[in-house]
Amino acid sequence: MAQPPEPPAQPSEEHPRVTAARLGGEGVVGVALGWVDNAGVGRVKAVPLARLADAADQGVGMSPVFDTFLVDDSMTSGRWLGGPDGDLRLLPDLSRAVALAAQPGWAWAPADRYRQDGTPHPACQRQFAARMAERAAARGLALRAAYETEWIVQRPDGGYPTDGPAYGMNRLTDLSDYLRDILSALAEQGLTVQQIHPEYAEGQFEVSVAPEGPVGAADTAVLVRHTLRAVSAAHGLRASFAPAFAPGGVGSGAHLHLSVWRTGPDAAPQNLLTGGPGRHGLTAQGEAFLAGVLAELPALLALGAPGPSSHLRLVPSHWAGAFQCWGPENREAALRLVPGLPDRPESANAEVKCFDGAANPYLAVGGVIAAGLAGMDAGAVLPPEVRGDPASADGVPRLPTGPEQALAAFEASAVLREALGEVLHDTVAAVRRAEAAAFAGQPPEAVIAATRWRY
Ligand code: GLU
Ligand code: MG
């Protein structure tokens, strides 16, 4: 979080045919055009390299029914979307097109979805995140964001490739080729890794990357995951990004770090989470942003921890952030304030800990921005901070403990309804409702077995 925000990314200056030629020079034959659906599943259409320039111009046809897919590939329908009719255009953003280091011959580009008349598809999650970034920019604000990625690695026979202890050097030694290949592949793809380490649960690791703008952070989260999966496959392993992997165990999060900056033509960008008169150096505006996020967290769970197994992870005393509270460096608070280091105050940021890998990262970051801006509009203030484990404090509210509760909060959230727009809000709610119904009453083992390898 150390660097101030750069100006918003401009669309690729490179002509699509130049991009295609460049990728061809790197041995690329096919290009995966990716998006993430409302169930948090990465979906794809691919084109041969020779078709890439056309695809960037005209788009590739795809059905809007994907908006109502559930994690198990069954379909539901909402008031606006679902059913067999219609067609959309999937347009790759070539400014993020990259040859995939662990999938020789393949490149990947994130895609936006448009209607056939060329206007944005109202349920395009990536454009929602972009709209929220623009909403912030219109107020002279810029966001810096990064998702952490936690994953569990197994052999196809269900055994773990290492039995090393949590955070243990043994694990790094056992899997040093695998972890080196991950670092190499991420670097080759232009990503800046900040850390990689063994995590708490058996076979669990984490990688964190440098912050960037909100859409870029979501793109990077998707690319990191594809890369981890491909490197795992090359090593005869499988990577799980599911929130819960083993009943009762510590799950995998996809924590969102972010900072909000005041920008202006005449002054250097200023991180609003540091250098102010408030608690831990918060400025009044920075505090209002965080207070807005904190207030909407129950509803935001429907975007950030939305899967059938999300609530199996989101339990007290598992570092998952199950309580609706904030605290400085508190890993049990859903909103952890990371005050800047004394010698690098601009590194101050906040971590939304309750989010996980079932989230569509575009929806989650866009929803957080909407909530934060609403907090700023209202001049919201944070409640008292929580130190120590909120499970042993009095009166700290739990976040919703099941999908139905989170859905009710989401449906009642005027802030998220307005930000997402009726079509996207309704479609997300339809998917949440259908997934909750599909998995209702199933024991944790069954929910986990059905979702472990889906994300
Ligand atoms: N694995 C924990 C989770 O489910 C997080 C551990 C950590 O704080 O990094 O979110
Ligand atoms: Mg972690």
Amide H partners (placed H, <5 Å) of Ala107, local residues excluded: Val29, Gly30, Val31, Ala32, Leu100
Label Thr119 and Ala412 with points 7 Å out from Cα along Cα→Cβ: what is the distance between them in nm? 3.4 nm
If I stretch the segment between Ser95 and Arg180 completely, what's the gain in nm (0.36 nm per residue apart, minus their alpha carbon distance), one decimal? 27.9 nm
Rounded, prolate or oblate: which one fits the range 41-160, using the alpha carbon gyration tensor with axes a ≥ b ≥ c (rounded when a/c is under 1.5, else prolate when a/b beats b/c, else oblate)? rounded
Can you put Ser392, Ser232, Ser310 in order, fewest other beta carbons within 10 Å first? Ser392, Ser232, Ser310
By average Cβ neighbour count within 10 Å, what is the ranking of 133-142, 360-369, 322-331 from highest down? 360-369, 322-331, 133-142
Helix-only [θ] at 222 nm, the chain, -39500 (n - 2.57) per DSSP H run of 4+, per residue, nearest 500, equals -11000 deg cm²/dmol
Could you give each residue of the range 394-403 its phi-based ³J(HN,Hα) in whole Hz, using Karplus coefficients 6.51, -1.76, 1.60 with θ = phi - 60°, and x for Gly or Pro? 8, x, 8, x, 6, 5, x, 9, x, x
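Could you put Met376, Met62 in order, starting from the residue whose Cβ has the fewest other Cβ atoms within 10 Å? Walk me through the numbers on the way to the answer.
On the way: Met376 22, Met62 19.
Sorted ascending by nearby Cβ count, the order is Met62, Met376.
Fewest Cβ neighbours within 10 Å first, please rank Val260, Val28 accordingly.
Val28, Val260
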So what J values fall out for the range 186-196 if you push phi through Karplus, 6.51 cos²θ - 1.76 cosθ + 1.60 with θ = phi - 60°, rounded to Hz, Gly and Pro as x? 5, 5, 4, 8, x, 8, 9, 7, 9, 7, 9
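Calculate, for Asp85 and Arg344, the FRET efficiency according to 1/(1 + (r/R0)^6) with r their C-beta to C-beta distance and R0 41 Å; round to the nearest 0.05.
0.15
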From the backbone phi of the range 424-439, what are the Karplus-calculated ³J(HN,Hα) couplings (6.51 cos²θ - 1.76 cosθ + 1.60, θ = phi - 60°) in whole Hz, Gly and Pro given as x? 5, 4, 5, 5, 4, 4, 5, 5, 4, 5, 5, 5, 4, 5, 5, 10
Extension gain, Asp377 back to Ala210 (0.36 nm per residue minus Cα-Cα distance, nm): 57.2 nm
Amide hydrogen neighbours beyond the local backbone of Phe323, cut-off 5 Å, H modeled: Ala334, Leu399
Where a ≥ b ≥ c are the square roots of the eigenvalues of the C-alpha gyration tensor, would you call the range 358-455 rounded, which needs a/c under 1.5, or, failing that, prolate if a/b is larger than b/c, or oblate? oblate
At 7 Å along the Cα-to-beta-carbon direction for both Gln195 and Ser77, put a label point, then send me their distance in nm to one decimal. 4.8 nm
Can you list residues whose amide H is under 5 Å from Val209's amide H, if they're 5+ apart or on another chain and H is modeled 1.01 Å from N? Gln194
Measuring from label point to label point, each 7 Å out along Cα→Cβ, what is the Met169 to Arg155 span in nm? 2.6 nm
Of all DSSP beta bridges with both partners in the chain, the antiparallel percent, nearest 5, is 85 percent
Ratio Rg/Rh [Cα only; Rh per Kirkwood] for the range 182-254: 0.97
Going by a ≥ b ≥ c, the root eigenvalues of the Cα gyration tensor, does the range 316-371 fall in the rounded group (a/c under 1.5), the prolate group (a/b larger than b/c) or the oblate group? oblate
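Any read-out appearing in this document is the output of simple, stated calculations on the displayed coordinates, not a laboratory observation. What you are looking at is a predicted structure, and each value in this text was computed from that prediction instead of being measured. No Cβ is skipped: glycine too gets one built from the backbone with ideal geometry, and neighbour counts run over all protein chains shown.
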